[in-house]
Amino acid sequence: MPGRKVVYGVTVGILMVKTYFRRFPGDIGNAETWSFPVQYRIVDESSPARMTELHKESLLAPFKAAAQDLIAAGVDGIATTCGFLSIYQKELADFCGIPVATSSLLQVPMVERLISSDKRVGILTYDGAALTGPYLEAAGIAADTPVYGMPPTSEFVRSIRQGDASVSFDTLKGEVLDLASRMLAENPTIGAIVLECTNLAPFTAAISDRFGLPVFDTVSLVNWFHAGLRPRRFPTA
């Protein structure tokens with residue numbers, strides 16, 4: 001029956017990768033990030049290690065099944081907690097029949113048009129070696145776009161892979177700022193940054209404050225997404 005809902009008042013459903021590390025405020029997986037209610041659905045078959053291998057081993061079926069659960073509950077749009085799911089943008093949008101925003105990478109083509117033509121967008125990601133080819137193509141991103149990944153030996157990567165919730169915010173922030181500094185030093189024409197990894201979003205403000213550039217992440221994407229799904233009502237005269 002069209003319009004039938006199980007859960008009322010929730011516009012955005014979020015497909016969650018199964019993880020155990022700490023999600024700080026600003027992370028899509030921390031409900032305190034949002035000024036509106038969200039509905040989470042964990043995809044049990046997923047894990048951080050598998051998300052960068054989606055071009056080799058498909059998890060499309062379990063993500064479709066989890067999306068269907070959210071749709072049945074009554075959400076109006078679906079987002080995810082991993083930018084690498086850009087590879088499934090078309091398939092999930094076609095399957096779901098409601099708007100789907102798989103990845104913060106979807107913002108890159110728009111951000112390119114917001115800055116001057118002599119500037120470029122730089123991407124910070126969880127895994128720079130993996131974020132190539134089909135993940136970029138699915139979001140309409142040029143192959144020569146600067147992409148910088150967190151070092152494999154970093155606490156950021158280790159804590160996500162091992163599910164370690166003990167690493168401090170300041171430790172992670174320092175690693176993220178170091179990576180952003182290196183990317184900008186090696187690419188002085190970068191005029192804006194997009195964060196692929198949803199776990200980078202807690203550090204967006206720190207990056208912008210340090211380097212004086214606009215930074216876009218999963219929070220900016222989902223807030224924009226929600227604004228279209230549930231437009232703000234203004235008082236009439």
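The values are calculated or read from the model by the stated rules, or taken from the named source; none is laboratory data. Bear in mind the structure is a predicted one, so any value in this text is a computation, not a measurement. For neighbour counting, all protein chains shown are included, and Cβ atoms are generated from backbone atoms with ideal geometry for every residue, glycine included. Heavy atoms of the whole protein, side chains included, go into the accessibility calculation; ligands, DNA and RNA do not. Shrake-Rupley method; radii C 1.70, N 1.55, O 1.52, S 1.80 Å.
When restricted to residues that are more than 28 Å from K5 (Cα to Cα) and open to solvent by less than 20 Å² (accessible area, probe 1.4 Å), the stretch 84-109 contains 4. Residue check: S181 meets all listed conditions (1) closer than 26 Å to T102 by Cα; (2) surrounded by fewer than 21 Cβ atoms within 10 Å (Cβ to Cβ) but one, namely (1).
Can you spot a residue in the stretch 30-38 that is in a loop (DSSP other than H, G, I, E, B), acidic (D, E) and either surrounded by fewer than 22 Cβ atoms within 10 Å (Cβ to Cβ) or touching a residue at least 60 places away in the same chain (Cβ under 8 Å) (or both)?
No, that holds for no residue.
Apart from one condition, E45 fits all of (1) outside any loop (DSSP other than H, G, I, E, B); (2) open to solvent by 60 Å² or more (accessible area, probe 1.4 Å); the exception is (1).
When F95, F156, F84 are screened for being of a type outside the set (V, I, T) and under 21 Å from N223 (Cα atoms), only F84 passes.
A quick yes/no check of all residues on (1) more than 27 Å from P37 (Cβ to Cβ); (2) without any contact (Cβ under 8 Å) to a residue 40 or more places away in the chain:
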{"position": "I71", "(1), (2)": "no, no"}
{"position": "G74", "(1), (2)": "no, no"}
{"position": "T80", "(1), (2)": "no, no"}
{"position": "I98", "(1), (2)": "no, yes"}
{"position": "S104", "(1), (2)": "no, no"}
{"position": "R120", "(1), (2)": "yes, no"}
{"position": "T125", "(1), (2)": "yes, no"}
{"position": "Y135", "(1), (2)": "yes, no"}
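Scanning the stretch 142-159 for residues that are touching a Ser or Thr at 6+ places or on another chain (Cβ under 8 Å) and under 14 Å from V108 (Cα atoms) yields a total of 2. Whenever a residue of the stretch 183-197 is small (G, A, S), its partners that are in a strand (DSSP E or B), lying with C-beta atoms within less than 9 angstrom and at least six residues away or across chains, give the pairs G191/R120; G191/V121; G191/G122; A192/R120; A192/V121; A192/G122; A192/V215; A192/F216. On the basis of being over 15 Å from L131 (Cβ atoms) and either of a type outside the set (D, E) or open to solvent by less than 40 Å² (accessible area, probe 1.4 Å) (or both), does G174 make the cut? Against the criterion (over 15 Å from L131 (Cβ atoms) and either of a type outside the set (D, E) or open to solvent by less than 40 Å² (accessible area, probe 1.4 Å) (or both)), G174 qualifies.
Which residues, taken from the stretch 110-119, are in a helix (DSSP H, G or I) and open to solvent by 20 Å² or more (accessible area, probe 1.4 Å)?
Across the stretch 110-119, the qualifying residues are M110, E112, R113, L114.
Can you name the residue in the stretch 142-170 that is touching a strand residue (DSSP E or B) at 6+ places or on another chain (Cβ under 8 Å) and of a type in the set (A, V, I, L, M) and is also most open to solvent (accessible area, probe 1.4 Å) among such residues? Here the answer is V147.
Looking across T218, T204, one residue alone is under 23 Å from I28 (Cα atoms), touching a Phe, Trp or Tyr at 6+ places or on another chain (Cβ under 9 Å) and among the polar types (S, T, N, Q). It is T204. Scanning the stretch 206-222 for residues that are in contact (Cβ under 8 Å) with a residue 60 or more places away in the chain, more than 13 Å from V108 (Cβ to Cβ) and open to solvent by 10 Å² or more (accessible area, probe 1.4 Å) yields a single hit, V219.
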